[in-house]
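Derivation of every value follows stated rules applied to the coordinates shown; laboratory data play no part. All figures in this text were calculated on a predicted structure; none of them were measured in a lab. For neighbour counting, all protein chains shown are included, and Cβ atoms are generated from backbone atoms with ideal geometry for every residue, glycine included.
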Amino acid sequence: MAGLSLDLLALQIFTGLALGAVYVLLAIGMSLIFGMLTVVNFAHGAFFALGAYAGFLVLTLGGNFWLALLAVPIVTGLLGMAVEWGLVRHLYGRGIDDPLLLTFGLAYVLVELIRIFAGTQGLPFDTPDALAGAVDIGIGYFPLYRLFVIAMTVAILVLLWLFLERTRLGLIIRAGARDPEIMRVLGVDTGRVWRLVFGLGTAIAGLAGLLAAPLQGVSPEMGNAILADAFVVTVVGGMGSLAGAILAGLLVGVIVSLTALFAPEAGDVAIFVLMAVVLLIRPQGFFGRAGLMS
Amino acid sequence: MSAEHGRRMGRRGVLRAAAMLAAGAPFATRGAEETPIRIGFPVPITGPYASEAADQVRAAQLAIAEFNQAGGLGGRRAELLVRDDKLDPGEAATRAIELIEKDRVDFIVGSLSASVQLAVNTVTKQRGVLYNSISQSDQIVNSPDWGPTTFHEAMTPHMTAAAVGRYAFEKLGKRCAYVAADYAYGHEMVAGFRAVGATMGAEELAEIKMPIGTRDFSTLMPRLQALRPDIVFLCNFGRDQQIFVKQAHDSGLKRMTHIVAPILLQTARLAGGAQAFAGVLGGTSYYWGIENEVASAKAFNDRFRKAYDGHLPSDYGALGYSGVRAVLTAAAKAGGTETAKVAAALAGMKYDFYKGPQVYRTCDHQSVQAVFIIESKANGSVPDDVFTVLATVPGQEDLLKTCAEEGLG
């Protein structure tokens, strides 16, 4: 290709990593719920869109972006807990297909509700003033807001890791994922623990939607496309593995970015080719436990 | 506009009936019970072009209401049968077949994508039904897609690119890069710009085709920044266009180059926000702001405002209006809905419904019309005040391919 310089390649890879951070953000909520509950949450994309709309509502009601960052995960988290309590929990222990189909249907309902209440037309979502514009990062100009998204992704991951690995509740969650029966024998209300995990997953999905809103605007269908992306990242990384989701997300970002440089038409196909190759060589994904899906 | 609505006799209906009786048309009132003129209207109600489609429906309903208020065709009322084609050629073809065979429509107007309108056109052509397409395409007025019942109210990519390209290459620079949606619309627009560019000494730096429905264009920015073109021609549409502009704004690309969209959509601009779109140039088939210069635009805007709560019609919405009104006007001229007669009335028909003079060219049924060059404002006085009209390129045949070039000579 003509005009290919080292700077361009470096900026392209950096852009890919930044895009990868967005993919990681999209996938961790889904990965968390699957890892702990063995529920493939196909309503993940709908919670993502709900998060963006909730953020828009906060702004419309006179709030600012920072307030939305706080309010949105609470709203989508509580909604997720309500969904778990009302729908998902009745399907535990009934194989992987039932909750998958349930959440798949739920996604349609939620997106349709968005269309009814907020209209089919997309809504504008400006980048917050403090984060607008591009900065020179040495190899070229890069949007400041994307740097912020990377920082937020890292912060969410660190907090999540600290929560799961360093708190008593995190210990209970991890233990419950391994052997729920023993946990119940020990007197732990596993039902509440699952509800919390599901809510945490949807809270992160909503937060991801809010963070994506200044990148692409807000529309009812915004979650549909990312559901496929999040699923690919989750599968490639290994269903249920957070470390896998991080590695896979970054890898997908870089692959998409390099595809855009050399063969942009193939952008849609590239990540599915990656998924097919990984699944052929390592069916459980990078860090997945073998047999979890069976 | 349901059939029930048609049967109800309002104050206007009574007055009209009285007027007809007075005019010595004793059987005219029977028209109220006659079969209505049915116009099938497949548009992508759901999907990335949903907001444009919703506006097309509103505007088309206005044309129907006007026709009915004016007494219809000898008492025969018109009705619009809106169907969701989901922006899918297969879905659109199925809906078109249903409209023709089950709903017995007289005409089809609609669709909002090059490939979808071609699918509808294939169905209507086979079944000898008149189809007026309101979405951009070159192919539809080319052999072998074009047929005697095919009409094209929208502009073609070739004429749009010709008008916008002439302006851009003259005023903004010669070094250009193309970002195109990887389907007919994008390909045809790029071809159109290339044709103009060749005559004006333009230099093409890159053509980047992206899949339709792309949500993230950030990966294109490094290369576009490195190329430093004078102009980036953005040959995509709807949400794709809106997302690209937003991300180009955030990446700082807009500061070093001009972004020019052959079709700059009002709906995309409204959904994308003023901040992101400020300074983006483009072409359009219609912008309400021409109402101070064009009398028919003023009249159309006022009727639209009245019908829809003070809202103004969008570019693609207006096409829904003129597409439906053209067919109904021709039916009135032909004195019936027989396809051959209406087609004959439409071919060569001169009209000025909303944007100044237009005419359906006889040899390919393409509507020859003005192209407006617009620029997005940083901040307007009212929400709909989004563009400045930089230039009006009047409807001339030299913007179009000749019918011989289209294989119809």
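Only Lys, Arg, Asp and Glu count, each charged at its Cβ (+1, +1, -1, -1), so figure out the dipole size of the protein assembly as shown about its Cα centre, rounded to 20 debye.
It comes to approximately 1140 debye.
For segment B:195-301, what is the relative contact order in percent, using Cα pairs closer than 8 Å and at least 6 residues apart in sequence?
Relative contact order here is 22 percent.
In peptide A:207-218, how many Cβ atoms from other protein chains are near each Cβ within 10 Å, on average?
If you average over the peptide's residues, the count of other-chain Cβ atoms is 3.
If you fit an axis through the alpha-carbon atoms of helix B:315-334 and take the longest principal axis of the Cα set of chain B, what angle between them do you get, 0 to 90°, nearest 10?
Taking the Cα atoms of chain B, the angle to B:315-334 is about 30 degrees.
Once Rh for the protein assembly as shown is found with the Kirkwood sum over Cα pairs, what is the Stokes-Einstein diffusion coefficient at 25 °C and 0.890 mPa s, in µm²/s?
90
In what sequence do A:Thr60, B:Thr46, B:Thr284 fall when counting other Cβ within 10 Å, fewest first?
Ordered from fewest to most neighbouring Cβ atoms within 10 Å, A:Thr60, B:Thr46, B:Thr284 come out as A:Thr60, B:Thr46, B:Thr284.
For segment A:1-121, what size does the Cα cloud have along each of its three principal axes, sorted from largest down, in whole Å?
57, 42, 26 Å, listed from the longest principal axis down.
In vacuo Debye scattering of segment B:223-354, one point per C-alpha: log10 I(q)/I(0) at q = 0.10, 0.11, 0.16 Å⁻¹?
Per q value, in the given order, log10 I(q)/I(0) is -0.47, -0.55, -0.88.
Pull up all non-local amide H partners of B:Lys209: gap of 5 or more, or a different chain, and H-to-H distance under 5 Å with H placed in the peptide plane.
A:Glu265, B:Ala180
Calculate I(q)/I(0) for chain A by the Debye formula, one identical point scatterer on each C-alpha and no solvent, and give its log10 at q = 0.12 Å⁻¹ to two decimals.
With one equal scatterer per Cα and no solvent, log10 I(q)/I(0) is -0.78.
Taking every residue in B:205-218, how many Cβ atoms of other protein chains lie within 10 Å of its Cβ, on average?
Averaged over the peptide's residues, the number is 6.
With a sphere of radius 12 Å drawn around the Cβ of B:Gly201, what net charge do the other residues whose Cβ falls strictly inside it have (Lys, Arg +1; Asp, Glu -1)?
-1
Can you run phi through the Karplus equation (6.51, -1.76, 1.60; θ = phi - 60°) for segment A:256-266 and list ³J(HN,Hα) in whole Hz, with x for Gly and Pro?
Calculated HN-Hα couplings, in order: 4, 5, 5, 4, 5, 6, 9, 8, x, 4, 8 Hz.
Per residue of segment A:32-45, in order, report the coupling 6.51 cos²θ - 1.76 cosθ + 1.60 (Karplus, θ = phi - 60°) as ³J(HN,Hα) in whole Hz, putting x for Gly and Pro.
Coupling constants for segment A:32-45: 4, 5, 5, x, 8, 10, 6, 10, 7, 8, 6, 8, 3, x Hz.
May I ask you to sort B:His258, A:His44 by Cβ crowding, counting other Cβ atoms within 10 Å and putting the fewest first?
So the ranking, lowest neighbour count to highest, is B:His258, A:His44.
Restrict the search to segment A:48-122; then list the trypsin sites (Lys or Arg not before Pro) that DSSP places in a loop and that have at most 13 other Cβ atoms within 10 Å of their Cβ.
Passing both the DSSP loop test and the Cβ count: A:Arg94.
Tell me the angle of helix B:89-101 to the major Cα principal axis of chain B, expressed in degrees between 0 and 90 and rounded to the nearest ten.
10
What lysines sit close enough to B:Lys174 to cross-link, taking a C-alpha to C-alpha distance under 22 Å and skipping anything fewer than 8 places away on the same chain?
B:Lys209, B:Lys254
Hey, in chain B, which Cys have no second cysteine's beta-carbon closer than 4.7 Å?
B:Cys176, B:Cys235 - these cysteines have no disulfide-compatible partner (Cβ-Cβ under 4.7 Å) in chain B.
Using every alpha carbon pair in segment B:289-409, what percent of pairs falls into each 5 Å bin from 0 up to the bin containing the largest distance?
Each 5 Å bin holds this share of Cα pairs: 2, 10, 16, 20, 18, 15, 10, 6, 3, 1.
Taking a cut-off of 18 Å, what percent of all Cα-Cα pairs in segment B:312-365 are separated by more than that?
Of all Cα-Cα distances in segment B:312-365, 32 percent exceed 18 Å.
With θ set to phi - 60° and the Karplus curve 6.51 cos²θ - 1.76 cosθ + 1.60, what are the ³J(HN,Hα) couplings of segment B:301-311 in order, to the nearest whole Hz, using x for Gly and Pro?
4, 4, 5, 5, 4, 5, 6, 10, 6, x, 6
Considering amide H positions built from the backbone, and no H for Pro or chain starts, which residues 5 or more places from B:Arg83, or on another chain, come under 5 Å of its amide H?
B:Phe41, B:Val43
Can you tell which of A:Gly249, A:Ile172, A:Val232 lies farthest toward the positive end of the dipole of segment A:136-286, using +1 and -1 charges on the Cβ of basic and acidic side chains (Lys, Arg; Asp, Glu)?
Positive-end residue among those listed: A:Ile172.
If you rank A:Leu157, B:Leu265 by fewest surrounding Cβ atoms within 10 Å, what's the result?
Sorted ascending by nearby Cβ count, the order is A:Leu157, B:Leu265.
What percent do you get for the relative contact order of chain A when only Cα pairs under 8 Å and 6+ apart count?
Computed over chain A, the figure is 38 percent.
Per residue of B:224-233, what is the mean number of Cβ atoms on other protein chains within 10 angstrom of that residue's Cβ?
Mean number of neighbouring Cβ atoms from other chains: 2.
Could you give the dipole magnitude of chain B about its Cα centre, charging the beta-carbon of Lys and Arg +1 and that of Asp and Glu -1, in debye to the nearest 20?
Computed charge dipole of chain B: roughly 840 debye.
Can you give the longest run of chain B that contains no trypsin sites (Lys or Arg not before Pro) sitting in a DSSP loop with at most 11 other Cβ atoms inside 10 Å?
B:105-409
Can you tell me which lysines have their Cα less than 30 Å from the Cα of B:Lys306? Leave out same-chain residues fewer than eight positions away.
B:Lys86, B:Lys298, B:Lys333, B:Lys350, B:Lys355, B:Lys377
Can you check what the net charge comes to around B:Ser314, using other residues whose Cβ is under 10 Å from the Cβ of B:Ser314 (Lys, Arg +1; Asp, Glu -1)?
Local charge sum for B:Ser314: -2.
Relative to the longest principal Cα axis of chain B, at what angle does helix B:238-251 sit, 0 to 90 degrees, rounded to 10?
30
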